[in-house]
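Written out below as structure tokens is the structure these notes cover.
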Amino acid sequence: MPDVTERKNTVKAEARATPPVPRPDRRFYAASKAFGRFGIRWFEPRLMEAEHWHGHIEFNWLTSGGMGYLFDGRPVEIPARRMVIFWAGIPHQTVRLDRGEDDGARQCNVYLPLDSFLYMPNLGSLTETMIGGGVVMLPEDATDDALLKRWYQDYRSGDAERADILKSEIANMLRRTTLLGWEELLPPWIETLEPVTRTASPLRYVVAMVRHIHENLAEPLSARDVAKVVGLHPNYALNLFTRVMRIPMRRFIIRMRLIRARALLFEGNQSIANVAFQSGFASQSQFYAHFRAAYDITPLEMRRNLVFTGKAGQG
């Protein structure tokens with residue numbers, strides 16, 4: 001008969017071989033924050049009752065079937081067994097599921113904090129595509145079920161070195177993607193400037209500015225205020241922000257406020273005035289002007305359309 005030590009080793013081996021089990025108590029994101037924390041989870045694919053946003057570059061993988069997303073109202077179809085990534089700071093919602101022939105379909109999400117992504121070297125235009133709101137599909141051989149399950153086990157291990165290796169493997173996967181190319185499911189649509197030569201700018205300042213902007217969208221935000229957070233001269237801060245993010249700070253702030261406003265309209269339980277206020281617009285007239293310019297419709301008209309289609313107030 002096997003001794004106690006052998007039985008313990010068998011139990012440990014079986015535990016390592018057990019497929020990942022989702023942890024519903026784990027929270028990786030918060031709508032009020034620019035950046036969440038790193039996380040991985042496996043779960044049964046499901047529809048989302050309302051769109052949400054959080055501070056990550058999000059990775060989606062389906063074992064079978066497919067699903068339909070809306071990204072700030074823009075539809076995207078995601079197939080099975082292909083890694084798809086996007087900036088989750090754009091409000092997004094799963095609106096369609098196709099489980100295929102496999103009733104046991106599973107979904108794996110990787111949540112990479114935006115600041116960690118921005119710090120990754122040699123990603124080139126992939127960074128610009130993500131910040132521009134693009135949704136991309138990585139090469140077919142970028143990953144598979146076995147690799148993602150190993151990543152999950154590394155993540156759940158509590159071992160700091162395994163976690164570091166895991167994050168390095170993600171960075172290398174993205175770096176390889178920049179060399180081999182990717183498929184655009186949704187082209188970048190947030191306005192950017194013409195490409196300029198990227199310099200060795202202190203990215204930590206830009207990360208801090210993006211964080212401050214996201215976490216204070218409802219407050220007045222001047223270039224001087226944002227520059228003060230990172231201790232830079234306003235003119236230098238503006239130039240640095242534009243050089244790295246490929247979009248002027250003022251335009252970035254307006255766009256993020258509009259995206260936040262649209263998400264609040266989808267919730268359907270606030271007045272237009274409160275939506276404008278919570279999104280950081282100084283007045284309703286300013287809010288209406290920017291909203292119509294961006295969406296070719298007024299906030300009230302969008303609200304009425306949502307009520308008519310029965311989407312408002314869900315979740």
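The values are calculated or read from the model by the stated rules, or taken from the named source; none is laboratory data. What you are looking at is a predicted structure, and each value in this text was computed from that prediction instead of being measured. Glycine gets a Cβ as well: all are built from the backbone with ideal geometry, and neighbour counts include every protein chain shown.
Residue by residue, here is whether (1) modelled with pLDDT of 90 or more; (2) assigned to a helix (DSSP H, G or I) holds:
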| residue | (1), (2) |
| --- | --- |
| V244 | no, yes |
| M256 | no, yes |
| R260 | no, yes |
| N274 | yes, yes |
| A282 | yes, no |
| S285 | yes, yes |
| A289 | yes, yes |
| R292 | yes, yes |
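In a residue-by-residue description of the range 270-277, the property of being β-branched (V, I, T), touching a Lys or Arg at 6+ places or on another chain (Cβ under 8 Å) and surrounded by fewer than 20 Cβ atoms within 10 Å (Cβ to Cβ) applies to at least one position. Counting only residues that are in a strand (DSSP E or B) and within 25 Å of R37 (Cβ to Cβ), the range 97-113 holds 7 of them.
Conditions (1) buried (at least 18 other Cβ atoms within 10 Å of the Cβ); (2) among the β-branched types (V, I, T); (3) modelled with pLDDT of 90 or more, marked per residue:
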residue	(1), (2), (3)
N122	no, no, no
G132	yes, no, no
M137	yes, no, yes
T178	no, yes, yes
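For E14, the requirement of being of a type in the set (D, E), surrounded by fewer than 19 Cβ atoms within 10 Å (Cβ to Cβ), at pLDDT 50 or above and under 22 Å from D145 (Cα atoms) is not met. Of all the numbered requirements in (1) of a type outside the set (G, A, S); (2) at pLDDT 95 or above; (3) part of a helix (DSSP H, G or I), L126 misses one, and that requirement is (2). When you check M209 against the structure, is it of a type outside the set (V, I, T) and under 18 Å from the mean Cα position of the chain (by Cα), yes or no? Yes, satisfied. Just for the range 283-305: of the residues that are among the aliphatic types (A, V, I, L, M) and touching a helix residue (DSSP H, G or I) at 6+ places or on another chain (Cβ under 7 Å), which one is farthest from F266 (Cα to Cα)? Restricting to residues being among the aliphatic types (A, V, I, L, M) and touching a helix residue (DSSP H, G or I) at 6+ places or on another chain (Cβ under 7 Å), the top hit is A294.
Show the residue pairs meeting these rules: Cβ distance below 7 Å; 6+ apart or different chains; first residue within the range 146-168 and within 14 Å of N109 (Cα to Cα); second residue in a helix (DSSP H, G or I) and at pLDDT 95 or above. That search, which allows pairs on different chains as well, returns W151/L166; Y155/L166.
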